[in-house]
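Each remark here refers to the structure printed beneath this line.
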Amino acid sequence: MSHSDPQRTWASLIQQGLVDEQLARRLHPDGVPPMLWHECEDGHHWREQPDGGVSPGYALAGSSYKFPGWDPARCPEPDRIALPDDHGLIRGIRCPGCGAERLPWALLAGLSCTPWVLAREFEATGHMHQPPPPACGKPAVRTRACVDGGWVDVVDGVSAPVGAQLGLL
């Protein structure tokens, strides 16, 4: 692999994010629908993004991962692993591409607060860490939408603050 191959791949990954944004605009010409925040019965949280991707509870809010054949209204929580030097907590995740065990925010694309570290690692190895595949799969028991800067419950596809229906009487 030449030195420019990782740079081209890195650029194509960034380009894919822009393509997803354009696709969301085409699918929703009257305005992108609000991001939905789901919770399953096990207490896992995730965001369903307007582009059809998900932002699992371990990701940054703007992350949008697309798992082939996955319903974004189902919980994408992966299997968690215990990591050395993590005080016995079960919060690690494993990159499915290389098997690296990491804390969720440590060097997975879209999760890192230090993207230059990701870029250097990618240039050195040609491998971009990916989010682990979903394992929970339970449906949401609570869904909220961001409306006018606040989170409101969505009940039967209608977003309204609790008690708002009474104002219609």
Check: In nm, what is the difference between 0.36 nm times the number of residues separating GLU121 and ASP5 and their Cα-Cα distance?
Finding: 40.4 nm
Item checked: Two-site label geometry, GLN15 and ASP71: point separation in nm, points 7 Å out along Cα→Cβ -> 3.5 nm
Check: Ranked highest first by average number of other Cβ atoms within 10 Å, how do 116-128, 134-146 line up?
Finding: 134-146, 116-128
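Add +1 for every Lys or Arg and -1 for every Asp or Glu among the other residues with Cβ under 14 Å from the Cβ of LEU103, and state the total.
+1
Starting from the Cα-Cα distance between LEU103 and TRP151, subtract it from 0.36 nm times their residue separation and give me the gain in nm to one decimal. All intermediate terms of the calculation are to be shown ahead of the outcome.
Numbers: separation 48, 0.36 × 48 = 17.28 nm, distance 2.81 nm.
Contour length minus the Cα-Cα distance gives 14.5 nm.
Just so you know, all these numbers are worked out from the coordinates, no wet-lab data involved. Predicted, not measured: the structure shown is a model, and the values here were computed from it. All Cβ positions, even for glycine, are placed from backbone atoms using ideal geometry, and neighbour counts span all protein chains on display.
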